[in-house]
1. Regarding region 25-32, can at least one residue be identified that is touching a Lys or Arg at 6+ places or on another chain (Cβ under 6 Å) and of a type in the set (A, V, I, L, M, F, W, C)?
2. Tell me which residues, restricted to region 113-157, are charged (D, E, K, R), more than 16 Å from Y177 (Cβ to Cβ), in a loop (DSSP other than H, G, I, E, B) and in contact with a strand residue (DSSP E or B) (Cβ under 8 Å, 6 or more places away or on another chain).
3. Name, by its number, the condition in (1) at pLDDT 95 or above; (2) of a type outside the set (G, A, S); (3) touching a helix residue (DSSP H, G or I) at 6+ places or on another chain (Cβ under 8 Å) that does not hold for E171.
4. In region 167-191, what count of residues is obtained for those that are under 11 Å from the mean Cα position of the chain (by Cα) and either in contact (Cβ under 8 Å) with a residue 60 or more places away in the chain or in a strand (DSSP E or B) (or both)?
5. Exactly one of (1) under 30 Å from R209 (Cα atoms); (2) exposed (fewer than 13 other Cβ atoms within 10 Å of the Cβ); (3) modelled with pLDDT under 90 is unmet by V1. Its number?
6. State whether one or more residues within region 192-215 are open to solvent by less than 50 Å² (accessible area, probe 1.4 Å), modelled with pLDDT under 60 and assigned to a loop (DSSP other than H, G, I, E, B).
7. Go through region 85-127 and give me each residue that's under 13 Å from the mean Cα position of the chain (by Cα) and open to solvent by 30 Å² or more (accessible area, probe 1.4 Å).
8. Inside region 158-182, can you point out the residues that are more than 22 Å from R139 (Cβ to Cβ) and open to solvent by less than 80 Å² (accessible area, probe 1.4 Å)?
Amino acid sequence: VAETAVQVFITDNKVNVSGLILAGSAEFKNDLSKSDMFDPRLSASVVKIVDVSYGGENGFDQAISLSQEALANVKFVQEKKLIDKFFSEINLDTGKVTCGLSDTIKALDMGAVETIIVWENFEANRYVFRDASGAEVERFLTALQETDRSNFMDSDTGAELDQVSKEPFLEWLAEVYKQKGANLEFVTDKSPEGSQFVGGFGGIGGMLRWQLDVTQLGGEDINDLYYSDEDEDVPDEDFDDYF
């Protein structure tokens, strides 16, 4: 068992899981955790040892049920590290993050987003419209933006656009993020960091591969999107209030 655990849970000399649960109906699980044969890297990753009454799939389900609190703590630790890194990039003004739906989607379309972070209950929809010329227009709208009829109009002519399709944003994102070369991380609002991310940054943001001047993401010229230390138009915002 100890040898198999190494083969399964260690890759390139690193533990490939966030935590391990040892479960069983006898003393073997306890003996394994204390054994010199159990790799110390895996031993350090054990978050809980539980007694179960069944074997097979029923025992597996019971182990998960008994470990909910420990598993939640692992998730919150991961969430804290991820969001702390996001906040750090903002505080250091590296130009390597985006905040909000619009800027994050534009950076994602450019292939600039390495990791997109989104609240698990983020509410928005992806619309595809058709204008008078027959061209398709893609828009991402939050619930608040959906109450503004101008978002359903042609920005050039003022004419109403024909709706072709509508789908939940999170469903669309789950299907396309890999195609756009990004990693996708869902966070909750149950940790202090997650609550701050949702309340202060809209519940969606991106960590970027390279610097972008996010103040220029809405511009016509794609060359304007690249961050420049000499750009005097970039506001000197202080994000210390978030830390």
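The values are calculated or read from the model by the stated rules, or taken from the named source; none is laboratory data. Just so it is clear, the structure is predicted and the values come from calculations on it, not from any experiment. Positions of Cβ are backbone-derived with ideal geometry, glycine not excepted, and every protein chain shown enters the neighbour counts. Just so you know, the surface numbers come from the protein's heavy atoms only, side chains and all, with ligands and any DNA or RNA stripped out. Shrake-Rupley method; radii C 1.70, N 1.55, O 1.52, S 1.80 Å.
1. no
2. Selection gives E123, D131, D154.
3. Single failed check for E171: (3).
4. Going through region 167-191 one residue at a time, the tally reaches 8.
5. (1)
6. no
7. The answer is K85, C99, E114, W119, E120, N121.
8. G181, the sole residue that qualifies.
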